[in-house]
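**Q** Attaching a single structure in structure tokens format; questions to follow.
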Amino acid sequence: MKYLDEYRDGGVASSIAKTIAETVTRPWVLMEVCGGQTHSIVRYGIDRMIPPEVELVHGPGCPVCVTSLEMIDKAHAIASRPGVIFTSFGDMLRVPGSRGDLLTLKSRGADVRVVYSPLDAVRIASQNPAREVVFFGIGFETTAPANAMAVYRARKEGVGNFSMLLSHVLVPPAMAAILQAPGNRVQGFLGPGHVCAIMGYREYESLAERYRVPIVITGFEPIDLLEGILMTVRQLETGRAVVENQYARAVTRDGNPAARALVLEVFEVGDRKWRGVGSIPKSGYKIRYEYRMHDAEKRFHVEEIATEESSLCISGQILRGLKKPSDCSAFGTLCTPQKPLGATMVSAEGACAAYYQYGRFLDSASLPAVTAQAPTA
Amino acid sequence: MCLGIPGELLEVRDVKGLKFGKVRFGGITRDVCLEYAADAVAGDYVVVHVGFAISKIDKDEAARSFAVLEDLGQTGELTADMAEQLLPRSGPWPGEEDP
């Protein structure tokens, strides 16, 4: 705990915050992409340590949050079928689709099981050859090598009753979509450290060049975040727009080649719908044709389900950095982690859930500009 | 759920051609696939995400990073499957044999 004690003493942190204040000459908007970073920023009050000229907006980097309602409804439909063992990471069980959540389905008797690793689901399949075992494969690039290995091993070991409902999302296409959107406010990015531990950061170099935007690959610890902010602000103030690596102790330019190779063996890039944002071209993984027998979407014919999000929810604007949770009229009242209305409240790593958990709704209630925004419905 | 959690690799073994190991995270030990950190040996510290080691890390960094993750409440994935077994299920679902 020495490190946290040091952080709480504030010496290092306040010295970096002071340097940021000395560096900044005008307003800048920075986005952190990873949900873990969002959580850490709000937990340690990083956004309140830095000068007001530097605004942090929170990106779409929580995979649970951005899993589309349609995909959650498909999971629900498959898990409801007789004979199916539906497996998932624990985070997905409480996320409400339009037909309810997986945990409620389990309480009614469906065989829904939380697993630690996707390989656990393959093991359950080989132990239950008479049952269909489906794994809900969600995540960003950090999780892709684990999910790819499960499909790869199922095929290699001939576990024919294992399939994966894949809903993978990719960070760089989402960053490009944010930068291209009308009204974009984001001028610099804190890149996602653990995603880049797998993928490296070559892809981010072309983004930085094409959109003239600084990207600093950053860790999730409080001092990491402050350093990442300082490096990004220095670039902005000097008119540079390149990729820098604050998190060199975990990230190299090429990432983890063994992991990347297996991901490309099993998955290919395809379009993906993001909850709160909509469809983004080439922003997700699909299971390759050679592995189609393990693709739950091909194995189970689930009808397209029409879904509708709450009209009050502004999570789409929050995920694009246009608004903050405290700008929402429903935040903390009609929308809470117990009864979420949309993407950014459904998981602890969502920006709204992080603000809620650390009491930020108290601030928003005291702001006249926000209390004036009464629900219009 | 995109953050890796550091732990100490206690032993390495082969399971059906896959490299696996036991990794200790604070008070919890889990089986972890080492295929993406193939050069890791017992005594090393590795960063683990959903049951897969994704990189090696030095001991001090591991201790520091784990402390921050615990403080953030981000180590839940290590025990989510164990906690889940305590959740109620009302009985056999169609297609399932009675236990």
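The values are calculated or read from the model by the stated rules, or taken from the named source; none is laboratory data. If you're wondering where the values come from, they're calculated on a predicted model, not measured in any experiment. Reconstructed Cβ throughout: ideal geometry from the backbone, glycine too, with neighbour counts over all protein chains shown. Protein only, heavy atoms only, side chains kept; ligands, DNA and RNA dropped before computing areas. Shrake-Rupley method; radii C 1.70, N 1.55, O 1.52, S 1.80 Å.
**Q** Percent of accessible area on chain A owned by carbon and sulfur, 1.4 Å probe?
**A** Numbers: 7350 of 14280 Å².
Of the solvent-accessible surface of chain A, carbon and sulfur hold 52 percent.
**Q** Evaluate the relative contact order of chain A (contact order divided by residue number), counting alpha-carbon pairs under 8 angstrom at least 6 apart; express in whole percent. Write down the numbers at each step before the final one.
**A** Working: 738 pairs, mean separation 77.8, N = 377.
Dividing the mean separation by the residue count of chain A yields 21 percent.
**Q** If you take the Cα atoms of region A:256-333, find Rg, then find the Kirkwood Rh from the mean of 1/r over all pairs, what is Rg/Rh?
**A** Numbers: Rg = 17.5 Å, Rh = 15.7 Å.
Answer for region A:256-333: 1.12.
**Q** Per residue of region A:99-116, what does 6.51 cos²θ - 1.76 cosθ + 1.60 with θ = phi - 60° give for ³J(HN,Hα)? Whole Hz please, x for Gly and Pro, Karplus curve as stated.
**A** 10, x, 10, 5, 5, 5, 4, 5, 5, 7, x, 5, 8, 10, 10, 7, 10, 7
**Q** Let me ask something additional. What does the charge count around residue A:254 come to, taking other residues whose C-beta lies under 10 Å from its C-beta (Lys +1, Arg +1, Asp -1, Glu -1)?
**A** Values: positive: A:202, A:253, A:260; negative: none.
Net charge around residue A:254: +3.
**Q** Long-range amide H contacts for residue B:5: which residues qualify at under 5 Å (H placed 1.01 Å from N, peptide plane, sequence gap of 5 or more or a different chain)?
**A** So residue B:5 has HN proximity to B:48, B:49.
**Q** Another question, then. Using a 1.4 Å probe on the protein chains only, how many percent of the accessible area of region B:5-79 belongs to carbon and sulfur? Walk me through the numbers before you get to the answer.
**A** Values: 1400 of 2960 Å².
Looking at region B:5-79 in its full context, I get 47 percent from C and S.
**Q** Among B:43, B:17, B:73, which one moves the most in a GNM of chain B with springs linking Cα atoms closer than 10 Å?
**A** With Cα springs under 10 Å in chain B, the top fluctuation among B:43, B:17, B:73 is at B:17.
**Q** Follow-up. As a check on your grasp of the helix formula, calculate [θ] at 222 nm for the protein assembly as shown: sum -39500 (n - 2.57) over DSSP H runs of n ≥ 4, divide by the residue count, round to the nearest 500.
**A** -10000 deg cm²/dmol
**Q** Restricting the count to DSSP beta bridges whose residues both fall in chain A, what percent are antiparallel, rounded to a multiple of 5?
**A** Percentage antiparallel, nearest 5: 25.
**Q** If the chain between residue A:14 and residue A:309 were fully stretched, how many nm would it gain, using 0.36 nm times the residue separation less the Cα-Cα distance? Could you put the intermediate results ahead of the total?
**A** Values: separation 295, 0.36 × 295 = 106.20 nm, distance 4.17 nm.
Computed gain between residue A:14 and residue A:309 is 102.0 nm.
**Q** Right, next: Taking the Cα-to-Cβ direction at residue A:292 and at residue A:81 and moving 7 Å from each Cα, how far apart do the two end points lie in nm?
**A** Result: 1.6 nm between the two label points.
**Q** Return one number: the angle in degrees, 0 to 90 and rounded to the nearest 10, between the long axis of the Cα atoms of helix A:202-211 and the longest principal axis of the Cα atoms of chain A.
**A** Roughly 50 degrees, rounded to the nearest 10.
**Q** Given the options A:331, A:136, A:300, state which has the largest fluctuation in a GNM of chain A using a 10 Å cut-off (strictly under) for Cα springs.
**A** The residue with the greatest mean-square fluctuation here is A:300.
**Q** Using DSSP, restrict attention to beta bridges with both residues in region B:5-79 and report what percent are antiparallel, rounded to the nearest 5.
**A** Values: 22 of 23 bridges.
Roughly 95 percent of the DSSP beta bridges within region B:5-79 come out antiparallel.
**Q** Calculate I(q)/I(0) for chain B by the Debye formula, one identical point scatterer on each C-alpha and no solvent, and give its log10 at q = 0.15, 0.17, 0.22 Å⁻¹ to two decimals.
**A** Ignoring solvent entirely, the Cα scatterers give -0.63, -0.74, -1.05.
**Q** Right, something else. If I fit a long axis through the Cα atoms of helix A:11-23 and take the longest principal axis of the Cα atoms of chain A, what angle between them do I get, 0 to 90°, rounded to 10?
**A** 70 degrees
**Q** With a Förster radius of 25 Å, plug the Cβ-Cβ distance of residue A:212 and residue A:53 into 1/(1 + (r/R0)^6) and report the FRET value to the nearest 0.05.
**A** On the way: r = 20 Å, r/R0 = 0.80.
Rounded to the nearest 0.05, the efficiency is 0.80.
**Q** Find the percent of Cα-Cα distances in the protein assembly as shown that exceed 28 Å, and round it to a whole number.
**A** Values: 56982 of 113050 pairs.
Beyond 28 Å sits 50 percent of the P(r) for the protein assembly as shown.
**Q** May I pose another question? When you look at the Cβ of every residue in B:15-23, what mean number of other chain Cβ atoms sits within 10 Å? The partial results should precede the final answer.
**A** On the way: counts 1, 3, 3, 4, 0, 1, 0, 0, 0.
Going residue by residue through B:15-23 and averaging, the value is 1.
**Q** Please average, across the residues of A:28-40, the number of beta carbons from any other chain that are within 10 Å of each residue's own beta carbon, and give a whole number. Don't skip to the end; give the middle numbers.
**A** Numbers: counts 0, 0, 0, 0, 0, 1, 2, 4, 7, 2, 0, 4, 6.
Mean shielding count: 2.
**Q** Report, in whole Å, the centroid distance computed from the Cα atoms of region B:15-74 and region A:112-177.
**A** Each part reduced to its Cα centre gives a spacing of 20 Å.
**Q** As I understand it, the value is the acute angle between the Cα axis of helix B:59-71 and the longest principal axis of the Cα atoms of chain B; what does it come to in degrees, rounded to 10?
**A** With rounding to tens, the tilt is 40 degrees.
**Q** Between A:53, A:265, A:303, find the one with the highest GNM mean-square fluctuation for chain A; connect C-alpha pairs within less than 10 Å.
**A** A:303
**Q** How many partner chain Cβ atoms sit within 10 Å of a residue's Cβ in peptide B:71-80, on average, as a whole number?
**A** Working: counts 9, 11, 4, 8, 0, 3, 6, 1, 3, 8.
Taking the mean over all residues of the peptide, I get 5.
**Q** Now for a separate question. Along each principal axis of its Cα atoms, how long is region A:160-221 end to end? Whole angstroms, biggest number first, please.
**A** 48, 29, 22
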